[in-house]
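See below for the structure under consideration.
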Amino acid sequence: MSRIISPFIGMAFDRFEMDEQMDQHIPIIILPKHGTPYPFAKPYKEVPIIFGEWFNTDPEAVIRQALQTGGGPIVSDAYIINGLPGPFYKCSAKVTIDTFNLKVKPGKSYLLLLINAALNEQLFFSIANHTLTIVEANAVYVKPFETETLLIASGQTTNVLLQTKPYSPNAKFYMTARPYQTGLGTFDNSTVAGILEYEKLPRCLRLSPCQSNKTCLGAFGDKFVGSVNNVSFTMPKTALLQAHYFGHSKGVYATNFPTHPKFPFNYTGTPPENMNIMVSHGTKLVVVPFNTSVELIMQDTSILGVEDHPLHLHGYNFFVVGRGFGKFDPEKDPAKFNLIDPVERNTVGLLSRGWVAIRFLADNPGVWFMHCHVETHMSWGLMMVWIVLDGEHPHQKLLPPPSNLPKC
């Protein structure tokens, strides 16, 4: 790859014939003159993407045969992106090896330097669920315009800006190219694909602003925070069970945990921009009387993307009476609950972009944690605590600590 300086930005390329067995594509990236800015915001990163064709035979032999027979050349066996055919061809050994993978960060602008080095075909190019802004063609700036699909001719170069999504969906999106053909001859009517992959960020979590005198390594320079009903759990210095049994809750915990989210929104859609300020930190517990029938709806959210969570309840088994995708509908979804033979668990997987409904009978007095079983998420506060009060009878009361329990 060569770089030269010019009053404008663009690309050029040539195909140098090294011998009868190999062609080499040489992109020449033309940078703006030193001190001259782009006519658009400087991108976070520039990525050359070269389209080509793969032949299971000598390309020069293909041309010689076509000239000798007077017919069209045999078609290629695959299209390639940066030398790789992608997952849709039988010749691909492994998807992870034979597929071009572009890893990106959320909320960033990438300048894709597109070159169509295919011998004979114009190609359509697009990235699933993303919009491209064309800013240059054939080393000449153009008035920027947005498109979901562009057509790039054989030998043509085009620069496009890709603005990644503001939050990480923790997903992969296909980048695909396929031919545009209007002639009568045969052609390789196949699709080549690469993968646009967002960096894996911890999902269904929020961010806590970083203090001005510290360096934080979470997304966007902040700290990751997990929460339940907008409360991120803070572990106290005094044992909760000890404080509850002896009636010393003051200064240790509060009993005002919200039974409903304080800031409802479309949990599996695009999250509000101000979600980070909706999180409070504290040691807030839920108190329920003995023998209370508890129904709990646990909902995944799309804050920083979506993710499945293994949720575990201490001290109890529960019945999984319902689950589904999307936002839980309190008017329609309960009618689908399985109240005949639901499965019994103490841990349940909360589906990515989904919800799960559980029921249990609070007949075991004490202080019981409920938390995500991903250790990192627990450390960020993705947990809550239940206090189940004593019942009326002696066997329904919390047992005292053993006499040999070491004192703090």
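The values are calculated or read from the model by the stated rules, or taken from the named source; none is laboratory data. What you see is a predicted model; the values in this text were computed from it and never measured. Here Cβ is always computed from backbone atoms with ideal geometry, including for glycine, and neighbour counts include all displayed protein chains.
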Q: Among the candidates Glu197, Glu148, single out the residue that is under 30 Å from Leu351 (Cβ atoms), of a type outside the set (Val, Ile, Thr), at pLDDT 85 or above and out of contact with any Ser or Thr (no Cβ under 8 Å at 6 or more places or on another chain).
A: Glu197
Q) From the list Gly155, Gly86, which one is more than 23 Å from Glu197 (Cα to Cα) and assigned to a loop (DSSP other than H, G, I, E, B)? A) Gly155
Q) Which members of the stretch 50-64 meet the condition of being in contact (Cβ under 8 Å) with a residue 40 or more places away in the chain and in a helix (DSSP H, G or I)? A) Pro59, Glu60, Ala61
Q) Since Phe369 meets every condition but one in (1) in a loop (DSSP other than H, G, I, E, B); (2) within 30 Å of Pro394 (Cβ to Cβ), which condition does it not meet? A) (1)
Q. How many residues, within the stretch 316-332, are surrounded by 17 or more Cβ atoms within 10 Å (Cβ to Cβ) and farther than 14 Å from Arg359 by Cβ?
A. 2
Q | Residues of the stretch 99-136 that turn out to be surrounded by fewer than 19 Cβ atoms within 10 Å (Cβ to Cβ) and over 22 Å from the mean Cα position of the chain (by Cα), as a count | A | 6
Q: Please verify whether the stretch 180-188 includes one or more residues that are of a type in the set (Gly, Ala, Ser) and modelled with pLDDT of 60 or more.
A: yes
Q | Meets criteria (on the phi > 0 side of the Ramachandran plot, in contact with a strand residue (DSSP E or B) (Cβ under 6 Å, 6 or more places away or on another chain) and small (Gly, Ala, Ser)) for Gly349 | A | no
(Q) One residue is enough: does the stretch 354-366 have a residue meeting the conditions among the acidic types (Asp, Glu), closer than 23 Å to Phe290 by Cβ and in a strand (DSSP E or B)? (A) no
Q. Taking the stated definitions as given, is Leu31 assigned to a strand (DSSP E or B), under 30 Å from Val135 (Cβ atoms), assigned by TED's automatic domain parsing to the domain that holds Val192 and within 23 Å of the chain's Cα centre (by Cα)?
A. no
**Q.** Test: residue in the stretch 163-175 that is over 22 Å from Glu199 (Cβ atoms), out of contact with any Pro (no Cβ under 8 Å at 6 or more places or on another chain) and of a type outside the set (A, V, I, L, M, F, W, C)
**A.** no
Q. Among the numbered criteria (1) part of a strand (DSSP E or B); (2) touching a Pro at 6+ places or on another chain (Cβ under 9 Å); (3) modelled with pLDDT of 80 or more; (4) within 22 Å of Ile134 (Cβ to Cβ), which single criterion is violated by Val47?
A. (2)
